[in-house]
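Have a look at the structure below, then the notes.
The values are calculated or read from the model by the stated rules, or taken from the named source; none is laboratory data. Just so we're clear, the structure is a prediction, and the values are computed from it rather than from any experiment. Neighbour counts run over all protein chains shown; Cβ positions are idealised from the backbone, glycine included. Only protein heavy atoms, including side chains, enter the accessible area calculation; ligands, DNA and RNA are left aside. Shrake-Rupley method; radii C 1.70, N 1.55, O 1.52, S 1.80 Å.
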Amino acid sequence: MKQSSKQNRKTSFRIGKVRGDLRGKIWYLTYQENGKRLRPRIGPDKDHARQMAAQINSQLERRVQKDCCPSSSTAN
C-alpha cells in the first residue's frame, strides 16, 4: 500500500542537544541554556533549521567545555 508524502514527512529531528520540531509549516528549535528552555522560531525551511540546530549545538558544546575544562594555556 502506497503512503502519501505527508505521512512520510518527519516532523522532528535532533542534532546533539538541540531538537527541531515542525508545528504546522514552521520549524522551531528546542534547547536549554543556563537552565532555561529556549524555543526559537526558525521558519519553513527544514535545511535552514538543521543548519541553525548544528550551529547552536556547537555553541552549547563550546560553552560546556569552557565551563568544565578550562584550557591549560591559562594555567601557568
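Looking at region 13-62, the accessible area is 67 square angstrom per residue; that uses a 1.4 Å probe and ignores ligands, DNA and RNA. Taking amide H as placed 1.01 Å from N in the peptide plane, the amide H of Ile15 sits under 5 Å from that of Gly20, each at least 5 places away or on another chain. Seen from Gln59, the other residues with C-beta closer than 13 Å to its C-beta sum to a net charge of +1, counting Lys and Arg as +1 and Asp and Glu as -1.
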